[in-house]
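These notes are about the structure you will find just below.
Each reported figure results from applying straightforward, stated rules to the coordinates on display, with no laboratory input. Note that the structure is a prediction, hence the values are computed from the model and not measured. Don't worry about glycine lacking a Cβ; one is built from the backbone with ideal geometry, like all the others, and counts go over all protein chains shown.
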Amino acid sequence: MYLTLSQIKYKVDKLAKIIGAPRDTLPTFGHSEQSGRPHIEVDSHGYHYAIAERGHEFERHTTSDLDNLLYDIFQSTTFEIACNYEVEHRNFEQDFRRILFKHQEELLSKLSPIWGERKAMEHNEVLQQNPFKDEFDPVSAYAQELKDQGFPPDVRLKMIMEKYPPPKRG
């Protein structure tokens, strides 16, 4: 028999505390906000990890294995956390995925060494098709510099376009 939603939520909350996952990175249980935030359902067919927005379901994973459900939940949660971490620790001379992938794998490994290894293998598959591209990105570096100086987004965009105009077409 499957665990109830409240039992799953208890396990998710316990794991979330280990990595300091913000509440809004976790799924809802038993209902969808229809906002693109994942939600969890349980029925006689198993555990369901689903993503829906404005009445349209974009993704659904069904499993009878609780560990697979928890992996789905936390690979999504750790991706959000790792994205925020990468932005705060960006290195403009290397591919942003170096920091993002490493941090996500570290977070998942804190929850389960097997999950960390699983995500590392998935990242390696991505890198086989799309290898790291380490090169300095002057536009992103300039954008960050302007942001750090407190310029509002519309002013930053104008300044970036003046310094680095897009290529002319045709």
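Taking into account only those residues within region 20-33 that are buried (at least 18 other Cβ atoms within 10 Å of the Cβ) and touching a residue at least 24 places away in the same chain (Cβ under 8 Å), which is farthest from residue 103 (Cα to Cα)?
Among residues in region 20-33 that are buried (at least 18 other Cβ atoms within 10 Å of the Cβ) and touching a residue at least 24 places away in the same chain (Cβ under 8 Å), the one farthest from residue 103 (Cα to Cα) is 27.
Looking at 72, 65, can you tell me which residue is touching a Pro at 6+ places or on another chain (Cβ under 9 Å) and within 23 Å of residue 108 (Cβ to Cβ)?
72
Out of curiosity, is residue 43 out of contact with any Pro (no Cβ under 8 Å at 6 or more places or on another chain), within 18 Å of residue 119 (Cα to Cα) and of a type in the set (D, E, K, R)?
Against the criterion (out of contact with any Pro (no Cβ under 8 Å at 6 or more places or on another chain), within 18 Å of residue 119 (Cα to Cα) and of a type in the set (D, E, K, R)), residue 43 does not qualify.
Among (1) in contact (Cβ under 8 Å) with a residue 40 or more places away in the chain; (2) β-branched (Val, Ile, Thr); (3) in a helix (DSSP H, G or I), there is one condition residue 99 misses while meeting the rest; what is its number?
Just one mismatch for residue 99, condition (1).
Which residues, taken from region 34-93, are buried (at least 16 other Cβ atoms within 10 Å of the Cβ), out of contact with any helix residue (DSSP H, G or I) (no Cβ under 7 Å at 6 or more places or on another chain) and under 30 Å from residue 136 (Cα atoms)?
If the condition is that a residue be buried (at least 16 other Cβ atoms within 10 Å of the Cβ), out of contact with any helix residue (DSSP H, G or I) (no Cβ under 7 Å at 6 or more places or on another chain) and under 30 Å from residue 136 (Cα atoms), then 76 is the only one that fits.
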